[in-house]
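The values are calculated or read from the model by the stated rules, or taken from the named source; none is laboratory data. Predicted, not measured: the structure shown is a model, and the values here were computed from it. Because the Cβ atoms are built from the backbone with ideal geometry, glycine has one as well, and the counts that use them run over all protein chains shown.
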Amino acid sequence: MIKFFKKEKKFQKKKESLWMNIHIYWKLAICFMFAVIIVAYFFGYRLFLKINKEPLLSGETESGLVQTVKKERIEKSLEYFYERSQKSDQILNSSAPVVDPSL
């Protein structure tokens, strides 16, 4: 009589090597990313507190006064932009030269 199926009496789980066990690497990756997220939150909060403590006006001098812009500089800038708007209006209102296509 020929027996095709053997009955095994001892079932042993084969030992997997560390290089073949993928679950360990996934667990390590998740732990590493969790640690990176916690460190990022810590440094972000620390940076927020540092920026929040800085004075609002950065243009202050040692005497505590804020530097102002001279009136002449403002008037010069306004005059420059007024001249530009005049030139733009002049260009828009002038008639376009007719180009002769036969040339």
*All but one of (1) at pLDDT 75 or above; (2) surrounded by fewer than 10 Cβ atoms within 10 Å (Cβ to Cβ) hold for Lys27, so report the exception by its number.*
(2)
*Which pairs have Cβ atoms under 9 Å, sit 6 or more apart or on different chains, and link a residue in the range 76-87 that is loosely packed, with under 10 Cβ neighbours inside 10 Å to one that is in a helix (DSSP H, G or I) and modelled with pLDDT under 95?*
none
